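Notes for the one structure printed next.
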Amino acid sequence: MMKLQSTQKISAWAAAIALSCTLGVVSCNENKFLDVNNPNILSSATFPTRLVDMDLSLIDLYGRFRQGFYSDQFRYIAILPDHTADMGYNGSGFNEYAEIRLTPGDGSLGFYWNTHNEAMIRCNNFLINAEKLRPTFTKDDQAKLAVMEGQARFLRALHYFIIESLFGETMIQTDADRAKKGIPLWNGTLAQSVSDAAKPRATVGEVWDFIIADLTKSAELLKGVKWDEANKPRATEWSAKALLGKAYVFTKQYAKARDVLKDVIDNSGKKLVDFQTFSTMFNGMNEFNDESLFEINLTPDRKDIWNSQLNTSTQYGIFISPSYLEDDGKGEGTNGFGNLFIHDRSIDRFGFADQTTATEQMKTKAYFDKSVQARVNKTIDPRMLVGTLQPWVDSIYVFDKWRKVTKNRAEGFVLTDNKGFNHRKYVLLDRGVWQGNSESLANNFIVLRMGDVMLLYAEALKETGNTAGALEALNMVHRRAYDVPVSKPSKYDYKTLTDKTATVGAGDHLANDPLKYERWAELFAEGHWWFDVCRWKIGDKEAAYYKKVKSGDLIWNDRKYAFPIPQDEVLSNPKIVQNPGY
């Protein structure tokens with residue numbers, strides 16, 4: 001079985017692969033004496049030619065997910081627009097994403113657009129090379145190449161899934177939506193000229209059909225493939241089918257979604273892990289566990305925390321890091337840079353009704369006891385404890401001792417009137433980032449997991465008329481959250497699909513919508529909720545619930561369901577059309 005060649009060296013190989021796409025053989029036809037290939041330069045004539053070359057190219061494709069949506073920029077694109085987070089930092093970019101008042105000129109939009117489009121083209125290049133080399137390989141190597149193709153198709157589909165969900169004119173709610181503007185489709189051909197590089201936008205329907213076709217083929221090519229320990233970051237048949245089921249739900253093909261997702265649930269060997277494992281699987285522990293279907297594999301690679309030339313790690317945890325009490329009992333430090341705190345209304349939605357914001361009151365025994373009692377009695381959703389760290393109640397182990405968490409750090413704004421809860425998912429809980437630990441930056445991003453699959457399955461069952469089945473699938477996820485056996489009825493179960501949820505937030509539209517609430521609570525701070533908001537078209541209700549962020553009031557406009565196409569793309573591509581309203 002082909003080994004995953006040291007994922008800690010992805011960037012080094014990426015540089016080599018990049019060269020192969022741009023450099024040719026150095027030669028001089030006028031003088032045969034000088035017609036010598038430089039062995040230190042890659043060319044299309046010499047790379048890729050072997051199966052091992054193709055595997056190196058494939059590793060580069062995996063490594064590219066370290067940039068784009070799942071980079072440290074996750075804090076902009078994934079947890080500010082959906083109001084998971086509010087800002088302690090009054091700075092350019094933060095306010096625009098938090099209020100969702102983006103413009104085509106915002107540079108970070110170009111970063112997401114360019115990163116994922118470049119990666120999609122790299123996937124195309126891999127598939128073109130695979131087709132070219134296939135006849136030259138032995139039958140055994142052709143079979144291995146087919147498995148590589150399955151992985152490349154999954155990765156390409158995931159890139160398209162992300163970018164279409166962000167920049168497509170609309171999510172599909174009606175058949176008419178299929179004809180609206182999606183993103184340009186690079187369908188396997190490479191541009192041969194500058195004019196070829198200008199592509200019009202495909203329709204929304206065409207893009208989703210392409211994603212679905214890639215994932216269907218990927219699942220077929222990966223069928224029965226099992227990876228050993230060294231290769232566990234690779235995509236599997238079940239990664240492809242989980243994302244395929246999600247694509248079917250997003251395109252309202254619920255019967256197909258139901259069948260594919262049931263296959264994942266029944267036959268993947270994956271399951272909902274216990275609550276203790278669930279509570280730490282986002283913090284560098286329990287990676288690639290029995291619930292995980294696909295993760296962005298990040299590994300320690302250096303001790304230089306601020307070097308922007310990352311290799312296989314991430315800086316995301318630095319930017320959302322929690323704050324803590326210093327040794328003197330007065331000063332407050334932060335385990336990173338941390339200036340994004342959990343939005344107060346998210347705490348209300350988890351069911352914690354206490355509105356205390358004054359630090360001196362938070363430090364009292366009465367506040368501590370009330371908070372602990374709410375946890376013991378489970379009058380709050382226990383997933384609040386997985387996604388957040390409560391000031392003056394929770395502690396983290398940094399710099400060789402347990403330290404009480406304080407209000408999250410602020411810079412430019414003051415949090416006097418805010419609860420100031422800290423982030424917990426994807427942060428360090430057991431060591432200090434400033435201690436020079438290279439491990440500090442290596443928490444994997446979990447892209448697909450069984451909690452997501454079960455909730456998508458519940459939605460598909462509901463939409464195909466199986467209310468009882470939908471309720472049971474929903475309750476299995478809900479029971480895990482309350483740390484009771486997932487397959488047995490419990491006192492925490494929803495009785496109907498319109499039952500009361502945990503939220504105590506006034507005017508919360510999720511108060512009697514368990515299906516939507518469970519997706520919000522279960523996948524909190526994991527980068528899924530904004531896509532759900534857009535496909536359900538509930539942006540106006542979310543804005544009305546959250547009301548404001550530190551930089552201003554939330555004012556909804558339906559154009560916000562689609563981000564603007566970056567201005568550089570509009571200027572350089574005469575065939576592209578901007579999204580409405582920008």
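Taking the Cα centre of the range 330-377 as origin and assigning +1 to Lys and Arg Cβ atoms and -1 to Asp and Glu Cβ atoms, the resulting dipole is close to 100 debye. Take every DSSP beta bridge with both residues inside the chain and express the antiparallel ones as a percent of the total, to the nearest 5. So the antiparallel bridges in the chain amount to around 95 percent. Here the gap between THR464 and ALA358, fully extended at 0.36 nm per residue and compared with their Cα-Cα distance, gives a gain of 33.3 nm.
Among the GluC sites (Glu not before Pro) in the range 367-459, none is located in a DSSP loop while being surrounded by at most 11 other Cβ atoms within 10 Å of its own Cβ. Looking at the range 199-264, the trypsin sites (Lys or Arg not before Pro) that sit in a DSSP loop and have at most 15 other Cβ atoms within 10 Å of their own Cβ are LYS223, LYS226.
Can you show me the helix-derived [θ] at 222 nm for the chain, built from DSSP H runs with n ≥ 4 at -39,500 (n - 2.57) apiece and divided by the number of residues, rounded to the nearest 500. Working shown, then result.
On the way: 21 runs with 236 residues, N = 582.
Taking each H run of at least 4 residues, the total per residue is -12500 deg cm²/dmol.
As a calculated quantity, the FRET efficiency between LYS252 and LYS378 at R0 = 30 Å, using C-beta atoms, amounts to about 0.30. Assuming R0 = 51 Å, what is the FRET efficiency of ILE41 and GLN173, from their Cβ-Cβ distance, to the nearest 0.05? For ILE41 and GLN173, the calculated efficiency is 0.50.
Once you have the Cα-Cα distance between ALA197 and ALA506, take 0.36 nm times their residue separation minus that, and quote the gain in nm to one decimal.
Working: separation 309, 0.36 × 309 = 111.24 nm, distance 5.08 nm.
Stretched out fully, the ALA197 to ALA506 stretch lengthens by 106.2 nm.
Using the heavy atoms of the protein chains alone and a 1.4 angstrom probe, what is the accessible area of the chain per residue in square angstrom?
Values: 22930 Å² over 582 residues.
The answer is 39 Å² per residue.
Output the pairs from LYS252/LYS516; LYS246/LYS425; LYS246/LYS516; LYS495/LYS537 with a Cα-Cα distance over 18 Å in this structure; if there are none, say none.
Values: LYS252/LYS516 16 Å; LYS246/LYS425 23 Å; LYS246/LYS516 15 Å; LYS495/LYS537 26 Å.
Result: LYS246/LYS425; LYS495/LYS537 exceed 18 Å.
Solvent-accessible area assigned to carbon and sulfur over the chain amounts to 52 percent, based on a 1.4 Å probe. Amide H to amide H, with H built 1.01 Å from N, ASP513 comes under 5 Å of THR501, counting only residues 5 or more places away or on other chains.
How large is the charge dipole for the chain, taken about the Cα centre, if only the Cβ atoms of Lys, Arg (+1) and Asp, Glu (-1) carry charge, to the nearest 20 debye?
Values: 72 positive and 73 negative charges, 136 e Å.
Charge dipole, the chain, about its Cα centre: 660 debye, nearest 20.
I want to make sure I understand the PRE zone here: with the label point 7 angstrom from the Cα of SER108 toward its beta carbon, which residues in the range 309-348 have backbone N atoms less than 16 Å away? Under cut-off, by backbone N: 315-321, 337-343.
The angle between the Cα long axis of helix 254-267 and the main principal axis of the chain comes to about 90°, on a 0 to 90 degree scale. Shown here for the range 41-87: trypsin sites (Lys or Arg not before Pro) in loop regions (DSSP other than H, G, I, E, B) with at most 14 other Cβ atoms within 10 Å, namely ARG50. A crude spin-label estimate for the pair ASP327 and THR136, with each label 7 Å from Cα along the Cβ direction, gives 6.2 nm. Projecting the Cα atoms of GLY329, HIS83, ILE265 onto the charge dipole of the chain (Cβ charges, centred on the Cα centre) puts ILE265 farthest toward the positive pole.
The values are calculated or read from the model by the stated rules, or taken from the named source; none is laboratory data. Fair warning: this is a prediction, and the values are worked out from it, not measured in the lab. With ideal geometry, Cβ positions are generated from the backbone for all residues, glycine too; neighbour counts draw on all protein chains shown. Note: areas computed on protein heavy atoms with side chains; ligands, DNA, RNA excluded. Shrake-Rupley method; radii C 1.70, N 1.55, O 1.52, S 1.80 Å.
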